[in-house]
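The structure under discussion appears below in the form of structure tokens.
The values are calculated or read from the model by the stated rules, or taken from the named source; none is laboratory data. Note that the coordinates shown come from a computational prediction; the quantities given were computed from them, not determined experimentally. Please note: Cβ atoms are built from the backbone with ideal geometry, for glycine as well, and neighbour counts cover all protein chains shown.
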Amino acid sequence: MPLAVCATPIGNLEDVTLRVLAELAAADVVLCEDTRHTRGLLQRHGIEARLVSYHEHNEAQRTAELLPRLAAGERVALVSDAGMPGVSDPGARLVRAVLEAGLEVTVLPGPSAVETALVASGLVAEQYRFLGFLPRGEKRLAGLWSELEAWPWSAVAFESPQRLPATLRSLAAAAPEREAAVCRELTKRFEEIARGTATELAGRFSEPPKGEITLVLGPGAGARPDDAPALEAVGELVAAGVPRKQAAEIVSRLTGVARNRLYKQSL
């Protein structure tokens, strides 16, 4: 049987697919980030399963234990506390190891905090950039804001509620008018979507809020909307196998957009 990577609710326990529930019920073992958290989901839906912890501190050990069991045909499901395992959550190491061992992996899709926040923010466009958890420290944050200044689309990141006020102050100092949205407790009872400029949001969240935070940033002030078609053309050429520098050169000649700008913004 393939390793089944199962997306679980990001908040509301009703946001789980029938396919995921069936897989969890049929699994010989369910690997979970926190057995207490997963047990609550299973109990809500009347499922009994054998739960085994799988987190950043025991990934290597568990992976070594599970490969022979998968090879022997056991049915193994992998979940995290919320969303898709392997995306800012444990699981990527196991998936790689299973594939490298010549075994199969199947992914059962479901809720996504990234896409939920992006749509709710009103800042969705043709593309977006996922930043994972934001870096710590003023210097690293300032470097990220500088890097994103020329990004012509939205960006989505996770941040802890304790660090959110400092992060928003840093963003407001670098780009006071940048559009953004703080998405708090998505799909839960006290869900909140706060939209505004970086300065407005920094004032609103001067103290740490409660709950999980997903931050959405609008396009940087240095981004040039007219560059979008040229950047898309570079991306299409790269996808077709053309080296990025050569693709930027070709599109630059055809559109007049600076080659270096196309190259950097397409990375």
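Filtered by the rule that a residue be in contact with a Pro (Cβ under 8 Å, 6 or more places away or on another chain) and part of a loop (DSSP other than H, G, I, E, B), the range 142-162 gives W151, P152, W153, P161, Q162. The single condition among (1) more than 30 Å from A181 (Cα to Cα); (2) in contact (Cβ under 8 Å) with a residue 12 or more places away in the chain that S80 does not meet is (1).
Quick one: which residue in S146, S154, S170 is hydroxyl-bearing (S, T, Y) and either in contact (Cβ under 8 Å) with a residue 60 or more places away in the chain or farther than 19 Å from G220 by Cα (or both)? Break it down stepwise before answering.
Working: S146 fails: either in contact (Cβ under 8 Å) with a residue 60 or more places away in the chain or farther than 19 Å from G220 by Cα (or both); S170 fails: either in contact (Cβ under 8 Å) with a residue 60 or more places away in the chain or farther than 19 Å from G220 by Cα (or both).
Selected residue: S154, the only one of S146, S154, S170 that is hydroxyl-bearing (S, T, Y) and either in contact (Cβ under 8 Å) with a residue 60 or more places away in the chain or farther than 19 Å from G220 by Cα (or both).
So, L186, is that one modelled with pLDDT of 95 or more, assigned to a helix (DSSP H, G or I) and of a type outside the set (K, R) or not? Taking the combined requirement at face value, the residue does not satisfy it.
Tell me which residues, restricted to the range 245-267, are closer than 20 Å to Q127 by Cα and not in a helix (DSSP H, G or I).
Of the residues in the range 245-267, the ones closer than 20 Å to Q127 by Cα are 247-248, 251, 257, 261-267.
Hits for the range 245-267 are V257, L267.
All of G196, G211, G218 fail the test of being modelled with pLDDT of 85 or more and touching a Pro at 6+ places or on another chain (Cβ under 7 Å), apart from G211.
If you go through the range 216-237 one residue at a time, do you hit one that is aliphatic (A, V, I, L, M) and under 17 Å from S160 (Cα atoms)? Checked against the condition, which is being aliphatic (A, V, I, L, M) and under 17 Å from S160 (Cα atoms), the range 216-237 yields at least one hit.
For the range 54-63, a residue qualifies if it is out of contact with any strand residue (DSSP E or B) (no Cβ under 8 Å at 6 or more places or on another chain), closer than 22 Å to G11 by Cα and surrounded by 15 or more Cβ atoms within 10 Å (Cβ to Cβ), and exactly one does: H55.
So that you can scan it fast, the table gives a plain yes or no per residue for (1) more than 15 Å from L67 (Cβ to Cβ); (2) assigned to a helix (DSSP H, G or I); (3) among the polar types (S, T, N, Q):
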residue: D81; (1), (2), (3): yes, no, no
residue: G86; (1), (2), (3): yes, no, no
residue: D89; (1), (2), (3): yes, no, no
residue: V95; (1), (2), (3): no, yes, no
residue: L99; (1), (2), (3): no, yes, no
residue: G102; (1), (2), (3): no, no, no
residue: V114; (1), (2), (3): yes, yes, no
residue: L118; (1), (2), (3): yes, yes, no
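Within the range 128-146, being in contact with a Ser or Thr (Cβ under 8 Å, 6 or more places away or on another chain) and surrounded by 12 or more Cβ atoms within 10 Å (Cβ to Cβ) holds for Y128, R129, L134, E138, L141, A142, W145.
Can you find even one residue in the range 231-239 that is out of contact with any Ser or Thr (no Cβ under 6 Å at 6 or more places or on another chain), surrounded by 15 or more Cβ atoms within 10 Å (Cβ to Cβ), of a type in the set (A, V, I, L, M) and in contact (Cβ under 8 Å) with a residue 24 or more places away in the chain? Yes, the conditions are met somewhere in the range 231-239. Being at pLDDT 95 or above and not hydrophobic (A, V, I, L, M, F, W, C) is a property that E100 has.
Please work out which residue is nearest to L148 (Cα to Cα), limiting yourself to the range 191-209 and to residues that are surrounded by fewer than 20 Cβ atoms within 10 Å (Cβ to Cβ) and of a type in the set (G, A, S). This residue is G196. Restricting the search to strands (runs of 3 or more DSSP E) fully inside the range 1-60 and requiring at least 2 residues that are under 23 Å from the mean Cα position of the chain (by Cα) gives 3-6, 29-32.
Can you tell me which residue among L51, L66, L41, L78 is over 20 Å from G110 (Cα atoms), modelled with pLDDT of 95 or more and buried (at least 18 other Cβ atoms within 10 Å of the Cβ)? Working first, answer last.
On the way: L66 fails: modelled with pLDDT of 95 or more; L41 fails: over 20 Å from G110 (Cα atoms); L78 fails: over 20 Å from G110 (Cα atoms).
When all the criteria are applied, what remains is L51.
Return a yes/no flag: does the range 175-190 have any residue that is surrounded by fewer than 17 Cβ atoms within 10 Å (Cβ to Cβ) and in contact with a Lys or Arg (Cβ under 6 Å, 6 or more places away or on another chain). No, the conditions are met nowhere in the range 175-190.
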